[in-house]
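Presented below is the structure to which this report refers.
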Amino acid sequence: MHGQKTGGNMKKLDKREKNLLIVLIVALTIGALDFILNMDSYLSFYSDENVLIEQTINKQAQKEEKIAKRNVPAESLKNWGEDPFYDPALRVRKKIYKPKIEKISLKLKAISMAESMSVAMINNKVLAIGDLIDGYIVKNIQEKEVTLVKGEQTTILKLQ
C-alpha cells in the first residue's frame, strides 16, 4: 500500500518527499555552518548582556573623544540658533473635532385646545399628541406649551 509500512520494510519516498528532505538537509547544513563560523558572536550575545553594554559604552566614548579632538568648542555646537529651513507657517496642525451640538429649530406658533383633540402648530405643521416632527414625538399639549420627546431627551416649546 502507498504511504504505509508493509511488514518490516520502510516505504519508499516519492519524488516530492525526496525534494523536501533535500531542502531540509540543506537548510540545516547552512544553519550549522553559520553557527560554527559565528560561534563567538552567538555565545557572547546570549551569555552576557553586560559585555555588550560595555562595548556600546566604549564605542560611544570613542566617538566623543574623536569629536573632542577636532578642536571644535562644544558651546559653538550648542548655540547654532534657529533652523533656517523651518517655516512655522508650513507646520501641520492637528484638527480638533468638537461634537456638533444639535440646534433645535422647532418653533411653536399656535396651540388649539379642544375637549376631543388638542393640536399645535410647530414649524407650520399642525400636530396632535403622538405625531412626529424631526425625530421628536409630541407627548403633551397644554395651553401655553408643548412637550416633545426624542429618545430620553425631553424638550418643552413655549408659546411666545
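Bear in mind that the values in this text are calculations on the coordinates, not laboratory data. The shown structure was predicted, so the numbers you read here are calculated from the model rather than taken from an experiment. Here the Cβ positions follow ideal geometry from the backbone for every residue, glycine too, while neighbour counts run over all protein chains shown.
Using θ = phi - 60° and the Karplus form 6.51 cos²θ - 1.76 cosθ + 1.60, what ³J(HN,Hα) does each residue of segment 26-40 get, whole Hz, x for Gly and Pro?
Karplus-based 3J(HN,Hα) across segment 26-40 equals 5, 5, 5, 5, 4, x, 5, 5, 4, 5, 5, 5, 10, 4, 4 Hz.
Report the relative contact order of segment 108-158, percent, no decimals, based on alpha-carbon pairs under 8 angstrom and at least 6 residues apart.
Here the relative contact order equals 25 percent.
Just subtract the alpha-carbon distance of S116 and K63 from 0.36 nm times their residue separation and send over the number in nm, one decimal.
9.6 nm
Calculate the FRET efficiency for N123 and K98 from the Cβ-Cβ distance with a Förster distance of 35 Å, rounded to the nearest 0.05. Write out the running numbers ahead of the final one.
Values: r = 27 Å, r/R0 = 0.77.
The computed FRET efficiency comes out at 0.85.
Given H placed 1.01 Å from N in the peptide plane, which residues other than close sequence neighbours of D131 have an amide H under 5 Å from its amide H?
The answer is V138.
Sticking with the crude label model, points 7 Å out along Cα→Cβ, report the distance from K158 to I30 in nm, one decimal please.
8.4 nm
Take each of the peptides 114-126, 139-151, 20-32, 85-97, average the number of other beta-carbon atoms within 10 Å over its residues, and list them starting from the highest.
139-151, 114-126, 20-32, 85-97
Cα atoms only: what Rg and Dmax, in Å, come out for segment 108-158?
9.9, 29
Gain in length, I133 to L106, computed as 0.36 nm per residue apart minus the alpha-carbon separation, to one decimal in nm?
Using 0.36 nm per residue and subtracting the Cα-Cα distance, I get 8.8 nm.
Which whole-Hz couplings ³J(HN,Hα) result when phi for each residue of segment 17-24 is put into the Karplus expression 6.51 cos²θ - 1.76 cosθ + 1.60, θ = phi - 60°, listed in order with x for Gly and Pro?
5, 5, 4, 5, 5, 5, 4, 5
Check which residues have an amide H placed less than 5 Å from E145's amide H, if you skip close sequence neighbours.
Those lying under 5 Å, H to H, from E145 are L159.
Quick one: what are the phi-derived ³J(HN,Hα) couplings along segment 147-152, Karplus 6.51/-1.76/1.60 with θ = phi - 60°, whole Hz, x for glycine and proline?
9, 10, 10, 9, x, 9
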